[in-house]
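Written out below as structure tokens is the structure these notes cover.
The values are calculated or read from the model by the stated rules, or taken from the named source; none is laboratory data. Being a predicted model, the structure only gives us computed values, none of them experimental. Methodologically, a virtual Cβ is constructed for each residue, glycine included, from the backbone with ideal geometry; neighbour enumeration extends over all protein chains shown.
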Amino acid sequence: MSEVIEVKIPDIGDFKNIPVIEVLVKPGDSVSKEDPLVSLESDKATMEVPSPAAGVVKELKLKVGDKVSEGTAVLTLATSDGAGAAQPAADSKPAPAAPAPPSARKDPAVPPSDKGRADVPQPSADREAPRNPAALSTVSRESSSAAGSVDEEGFAHAHASPSVRRFARELGVDLGRVKGSGPSDRILKEDVQNHVKHELARPRGAEGGGGLGFNLPPLQPVDFAKFGPVATKPLSRIKKLSGAFLHRNWLAIPHITQHDDADITELEAFRKSQAEEAKKSGIKFTMLGFLLKASVVALKQFPDFNSSLSPDGDSLIVKSYYHVGVAVDTPNGLVVPVIRDVDKKGLLELAKDLGEVSERMRAGKVAPADVQGGCFSISSLGGIGGTHFTPIINAPEVAILGVGKSVMKPVWNGNEFQPRLMLPLSLSYDHRVIDGAQGARFISFLAGVLSDIRRLVL
């Protein structure tokens with residue numbers, strides 16, 4: 001015999017006025033005993049309220065953003081046999097909510113692992129751990145703001161553990177589009193990862209948002225041959241690999257680009273005076289070595305630019321080493337090798353390193369170690385042309401410097417216009433980490449260092 005019961009928030013210890021961050025069901029949904037109904041987030045943990053019985057959801061009593069305590073009504077449930085009527089959820093005594101693991105707490109003294117935004121550690125028990133019907137399931141603290149970036153319908157119907165739901169939210173993945181490989185089609189962490197890999201491997205025009213939860217209309221295929229002769233040219237392997245990462249970085253990172261010009265009149269005169277001597281030793285003394293040294297001086301002055309965002313998005317991992325990536329144009333596409341310990345090398349040594357690594361990159365001899373561990377990147381188009389542009393951040397870095405072609409300009413010195421050699425600079429940075437004032441100060445400081453080479457030795 002069917003009976004309607006009211007499901008309430010059970011005993012949750014000392015927690016009161018906890019916000020609801022996710023409603024996992026809607027009226028008309030069928031639920032089994034122990035299925036999660038809503039997710040709550042305290043200062044220490046994220047918890048799910050399980051269903052006390054099998055049945056059909058009749059009416060929701062709360063919504064995302066509501067604050068609840070013990071006894072707050074969650075929903076009404078029509079049970080098939082009245083199994084839950086004798087013992088409503090509010091009368092059960094669940095185990096106290098466990099604190100979040102140390103890696104999830106906001107403790108600045110213990111920086112989290114720097115394995116990239118997609119590599120969030122997951123306890124092995126999350127795969128298929130049996131749920132205690134009398135307890136709230138507890139997972140490590142997560143960012144409630146991420147919940148708005150995905151399709152709520154997908155999360156409501158997906159069969160996945162709390163940690164997998166959190167993992168999908170952080171990647172912006174709609175779980176409704178992920179096929180589960182676990183028992184009873186349960187979605188595992190590996191299923192989410194495979195889904196992302198599959199979507200990134202698809203042709204970039206196949207779906208406007210890359211399949212990561214951006215509800216953009218897909219680009220329609222066009223038969224270009226009907227307008228005239230065409231030829232199909234396959235993308236190089238480097239472009240195929242880098243294209244997916246660039247696409248992800250552009251979509252996932254809120255870019256801001258700051259522009260400025262650096263007066264390098266004296267710097268260029270000094271470079272030319274030393275170039276002939278360096279050439280005798282087989283070294284090409286270019287402006288790029290000065291840019292590397294000047295960038296490190298600026299990174300030391302503004303350490304947030306020499307950092308990466310932690311996987312949980314709650315802290316910065318600030319680095320005490322200075323490895324700088326340099327974009328190299330090769331016949332097969334752009335490669336960004338990393339010059340290590342720039343702060344410990346002189347200009348001639350950096351020029352030698354740059355020459356050797358550029359030669360290897362253009363010969364296609366790219367080792368994994370060559371492109372790993374960068375803190376900051378420089379993309380210089382000065383040898384080709386152009387002024388300012390918008391370089392794409394090389395995640396997990398938080399900033400990249402674009403450099404254009406220097407040009408002679410009339411500059412007012414207070415009394416008259418003088419011809420000065422000006423170098424266009426474009427600084428792109430992650431706006432989640434760096435605000436506009438910091439960006440303006442960094443590029444202004446960098447331009448000042450390039451304008452007075454004596455500051456390179458301070």
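What about VAL297, is it touching a helix residue (DSSP H, G or I) at 6+ places or on another chain (Cβ under 6 Å), over 19 Å from VAL433 (Cβ atoms) and assigned by TED's automatic domain parsing to the domain that holds GLN372? Judged against the criteria, VAL297 is a match.
Put simply, of GLY383, GLY439 the only residue that is assigned by TED's automatic domain parsing to the domain that holds ASP314, part of a loop (DSSP other than H, G, I, E, B) and either within 14 Å of THR257 (Cα to Cα) or out of contact with any Leu (no Cβ under 6 Å at 6 or more places or on another chain) (or both) is GLY383. Applying the condition of being crowded, with 23+ Cβ neighbours inside 10 Å and small (Gly, Ala, Ser) to the stretch 275-307 and asking which residue is farthest from ILE384 (Cα to Cα) yields SER307.
So that you can scan it fast, the table gives a plain yes or no per residue for (1) surrounded by fewer than 21 Cβ atoms within 10 Å (Cβ to Cβ); (2) out of contact with any strand residue (DSSP E or B) (no Cβ under 9 Å at 6 or more places or on another chain); (3) aliphatic (A, V, I, L, M):
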{"residue": "TRP412", "(1), (2), (3)": "yes, no, no"}
{"residue": "ARG420", "(1), (2), (3)": "yes, no, no"}
{"residue": "LEU425", "(1), (2), (3)": "no, no, yes"}
{"residue": "SER428", "(1), (2), (3)": "no, no, no"}
{"residue": "HIS431", "(1), (2), (3)": "yes, no, no"}
{"residue": "ASP435", "(1), (2), (3)": "yes, no, no"}
{"residue": "ALA440", "(1), (2), (3)": "yes, no, yes"}
{"residue": "GLY448", "(1), (2), (3)": "yes, no, no"}
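Taking the conditions exactly as written (within 25 Å of the chain's Cα centre (by Cα) and of a type in the set (Phe, Trp, Tyr)), does PHE389 satisfy them or not? Yes. One residue stands out in the stretch 291-326 among those that are within 12 Å of LEU446 (Cβ to Cβ) and aromatic (Phe, Trp, Tyr): the one that is nearest to the chain's Cα centre (by Cα), namely PHE305.
In the stretch 323-337, the residue that is surrounded by the most Cβ atoms within 10 Å (Cβ to Cβ) out of those that are among the β-branched types (Val, Ile, Thr) and either modelled with pLDDT under 90 or closer than 13 Å to SER358 by Cβ (or both) is VAL326. Inside the stretch 335-345, residues that are assigned to a helix (DSSP H, G or I) and out of contact with any helix residue (DSSP H, G or I) (no Cβ under 6 Å at 6 or more places or on another chain) make up a count of 1.
Yes/no per residue for (1) at pLDDT below 70; (2) under 18 Å from LEU251 (Cβ atoms):
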site	(1), (2)
PRO133	yes, no
GLY148	yes, yes
ARG165	no, no
GLU199	no, yes
ARG204	yes, yes
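Could you please find all residues in the stretch 176-197 being assigned to a helix (DSSP H, G or I) and either modelled with pLDDT under 80 or over 19 Å from the mean Cα position of the chain (by Cα) (or both)?
Restricting attention to the stretch 176-197, the residues satisfying the condition of being assigned to a helix (DSSP H, G or I) are 176-177, 183-185, 189-197.
Across the stretch 176-197, the qualifying residues are GLY176, ARG177, PRO183, SER184, ASP185, ASP191, LYS197.
Just wondering, is there one or more residues in the stretch 308-324 that are of a type in the set (A, V, I, L, M) and touching a helix residue (DSSP H, G or I) at 6+ places or on another chain (Cβ under 6 Å)?
Of all residues in the stretch 308-324, those of a type in the set (A, V, I, L, M) come to 309, 316-318, 324.
With the extra rule that they be touching a helix residue (DSSP H, G or I) at 6+ places or on another chain (Cβ under 6 Å), the set shrinks to 318, 324.
Yes.
Evaluated against (1) in a helix (DSSP H, G or I); (2) farther than 30 Å from GLY313 by Cβ, MET422 falls short on exactly one condition, (1).
LEU60 meets all of the listed conditions (1) more than 30 Å from the chain's Cα centre (by Cα); (2) surrounded by 15 or more Cβ atoms within 10 Å (Cβ to Cβ); (3) modelled with pLDDT under 55 but one, namely (3). Within the set LEU348, LEU354, the sole residue that is assigned to a helix (DSSP H, G or I) and either buried (at least 20 other Cβ atoms within 10 Å of the Cβ) or at pLDDT 95 or above (or both) turns out to be LEU354. Candidates are the residues of the stretch 386-410 that are in contact with a Ser or Thr (Cβ under 7 Å, 6 or more places away or on another chain) and part of a strand (DSSP E or B); the one that is surrounded by the most Cβ atoms within 10 Å (Cβ to Cβ) is ALA399.
Give the residue, chosen from SER379, SER406, SER444, that is among the polar types (S, T, N, Q) and without any contact (Cβ under 8 Å) to a residue 60 or more places away in the chain.
Only one candidate qualifies: SER379.
The set of residues in the stretch 402-428 being small (Gly, Ala, Ser) and at pLDDT below 95 consists of GLY414 alone. Tell me, please, whether a residue that is at pLDDT 85 or above, outside the structural domain of ALA367 (by TED's automatic domain parsing) and either under 30 Å from ASP329 (Cα atoms) or touching a strand residue (DSSP E or B) at 6+ places or on another chain (Cβ under 8 Å) (or both) can be found in the stretch 217-226. So far as the stretch 217-226 goes, yes, one or more of its residues are at pLDDT 85 or above, outside the structural domain of ALA367 (by TED's automatic domain parsing) and either under 30 Å from ASP329 (Cα atoms) or touching a strand residue (DSSP E or B) at 6+ places or on another chain (Cβ under 8 Å) (or both).
Of the numbered conditions (1) crowded, with 16+ Cβ neighbours inside 10 Å; (2) outside the structural domain of LEU381 (by TED's automatic domain parsing); (3) not small (Gly, Ala, Ser), PRO311 fails exactly one; give the number of that condition. Result: PRO311 fails condition (2) only.
For ALA231, are the conditions met, namely being modelled with pLDDT of 75 or more and under 26 Å from the mean Cα position of the chain (by Cα)?
Values: modelled with pLDDT of 75 or more: yes; under 26 Å from the mean Cα position of the chain (by Cα): no.
When the stated conditions are applied, ALA231 does not pass them.
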